[in-house]
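What follows is one structure encoded as structure tokens, with my remarks underneath.
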Amino acid sequence: MFPHICGVSSQETLLGPACADGDPVKIVSYNLRFASEADPQPWSRRRPASVELLSGLAPDILGTEEGVDHQLADLMDGLGDHYRLVAEHRHDGGIEENSAIIYNSRAVELIKIEHQWLSTTPDVPGSISWGATLPRMYSLASFRRVADDAEFFVITTHFDHESIEVQVNSAHQVIDRIAGLDPDVPLIVMGDFNCGEDSEPYAIMTAGQLRDAYLTAAERGPRLGTFNNYAAPDPDGVRIDWILVSDRVTVSSARMVDEAPGGQYPSDHLPVEAVIDF
């Protein structure tokens, strides 16, 4: 298991100063599809394309879903020594997928990290509620931008894939946690939400201070469904992977990354990217 870099209680309010102008920050959210040699698209086949794609994107902060330990280690080897990883197993009793954040230490510095489970007992690792069949979680990190010491929050999460009730309760839980954060500090929320723009969880997540980075970006790439199942994405498909930002954040560009290095899509999801500033 990858260790916490540092921890805070679920009841502790993470605080920081309002941000000043500085270098743009590139955010990427990516469901990696867990590594399995039994999969029709095994990790051994996808690994080179995954490393090439992410190295080319060169994110400052990368939130990942489903990555297992050796999969994340492969990405870290490919990204370079200036990248750092903080991750936590979701304690699913199986292959132990991680909720992970990889960050460029030349651009940002990690201050604190918190891992919580999407359940009525969020401090209990592996806990499930509302009829969910698998544990789900979110990670909340506080970062400082190296260029100007501006602080900001990042949440990465992976919602349930079967139950709208679980998704709705998960959305409320994340929003309730956000209510405990300093509203003057910029916030980015990203992940695989397993539901689209017309869903109740999306409405809950965007009812307050959060905005969809793709819809509010100054420049946008083509609209694409983000679950592409290792094939060319469908323009009419559902965007189930999102990056959301608070009103303290400006978005210069956003896109779904439709790239298949060497003809190989690295995952059954597309990465989503946003270039932001505060």
Of all residues being touching a residue at least 40 places away in the same chain (Cβ under 8 Å) and aliphatic (A, V, I, L, M) in the range 55-74, which is nearest to Ser253 (Cα to Cα)? Just the residue, please.
Leu57
Consider Pro125 against the criteria (1) assigned to a strand (DSSP E or B); (2) more than 14 Å from Ser170 (Cα to Cα): it satisfies all of them except one. Which criterion is unmet?
(1)
Can you confirm whether the range 174-184 contains a residue that is at pLDDT 95 or above and in contact with a helix residue (DSSP H, G or I) (Cβ under 9 Å, 6 or more places away or on another chain)?
yes
Kindly evaluate Glu109 against the criterion of being surrounded by 15 or more Cβ atoms within 10 Å (Cβ to Cβ), without any contact (Cβ under 8 Å) to a residue 40 or more places away in the chain and outside any loop (DSSP other than H, G, I, E, B).
yes
Among the strands (runs of 3 or more DSSP E) contained in the range 128-245, which hold 1 or more residues that are touching a residue at least 60 places away in the same chain (Cβ under 8 Å) and among the basic types (Lys, Arg)?
137-145
Looking only at the range 112-148, how many residues end up being under 17 Å from the mean Cα position of the chain (by Cα), buried (at least 21 other Cβ atoms within 10 Å of the Cβ) and not hydroxyl-bearing (Ser, Thr, Tyr)?
12
Pairs with Cβ under 9 Å, 6+ apart, first in the range 84-102 and over 9 Å from Thr64 (Cβ atoms), second of a type in the set (D, E, K, R) and part of a strand (DSSP E or B):
Glu97/Glu65
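The values are calculated or read from the model by the stated rules, or taken from the named source; none is laboratory data. Keep in mind it's a predicted model, so treat the numbers as computed, not measured. In this analysis, Cβ positions are derived from the backbone assuming ideal geometry, glycine residues included, and neighbour counts consider all displayed protein chains.
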